[in-house]
Amino acid sequence: MEELAHSTHAPRGKYGAQAGYELLKKRIHPSKKRSFTLPVWTGVAAAILVLLAGWWIVREYGQPEILLFETTTQTRTIELKDGSRVTLNRYSALTVPKNFKGTAREVTLRGEALFEVAKNAGKPFRVFTGEVTVEVLGTVFNVNAYRENPEIVTTLLEGKVAVKETDNGQELLLSPGERAVYSLNEKELVHDTGTDTEGIVAWQKGMLIFSGESLEDIARVLSNHFNIPVKVTDEALAGYRVTADFTDNEDLETILNLLIHVAPFSWERAEQTIILKPKID
């Protein structure tokens, strides 16, 4: 730059090469900005606050802890946190949240159960079975929703319940002694006002009571009760009606051998299935 300045008539002084070079350096290497460092405890406190906020959000809005209750060859009575009692029939399952939060008490049933719901007008109790939802505030009712059944049956013993079909929203209000029968094939909810509630909940006392039931319905009950498929092969035989009572200590073979004396059928075991067929004289 000095050589260039001397070879030309470039200006001197503050407009000279040296002064210009110093100005150029300042622009190429600007002065560093002032900085400061937070104390260590400040960062730790901030991290703790973030963790606490995350924990609170998960607790209030995250998925609730779920409890699963299952039965096999015995019934089981469960006391829920809200004071309700649920008695599960054989080979049934109930899922409930560890604590009921929000505006409703919601449980899911597979199989059959008798519900004695504690009253809470501000927090309805709902039972989900997939295709049907039963909603109450406080009452006693039975829900039969075994997966193999062609129907989901809700029977009311005390109080009032609303039974709602999930897909189309069809709803029935039941009074004591009435049933709501949902057909899985027809996708229809039917109101049944002539119900033998004693026979329906006899399983809770360790009994099977059939009062003029079709052999097809009896076979279905035995299937659920013993967790073994029981099939009727003849249509006329399936509609044959039987009245009989059995206690809980009688096994499936004993029950079938007693039934063949009051109904015209014989039975055989084919692999893991019991077959009921017309009796041949």
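The values are calculated or read from the model by the stated rules, or taken from the named source; none is laboratory data. None of the values given here were measured: they were computed from a predicted structure. When we count neighbours, we look across all protein chains shown, and the Cβ atoms used for this are built from the backbone with ideal geometry, even at glycine. Surface accessibility is based on the protein's heavy atoms, side chains included, excluding ligands, DNA and RNA. Shrake-Rupley method; radii C 1.70, N 1.55, O 1.52, S 1.80 Å.
Some observations on this one:
- Apportionment of accessible area to carbon and sulfur, segment 158-252, percent (1.4 Å): 45
- Among the listed pairs Lys164/Lys205; Lys98/Lys164; Lys98/Lys205; Lys164/Lys187; Lys164/Lys231, those whose Cα-Cα separation exceeds 23 Å are Lys164/Lys205; Lys98/Lys164; Lys98/Lys205; Lys164/Lys231.
- Solvent-accessible area per residue in segment 127-278 equals 51 Å², computed with a 1.4 angstrom probe and all protein chains kept.
- Approximate spin-label separation Lys119-Ala104, in nm, with each point projected 7 Å along Cα-to-Cβ: 2.2
- Residue-span extension gain [Gln170 to Glu65] - 0.36 nm each, minus C-alpha spacing: 34.7 nm
- Working from label points 7 Å from Cα in the Cα-to-Cβ sense, the Ser214 to Arg241 distance is 1.2 nm.
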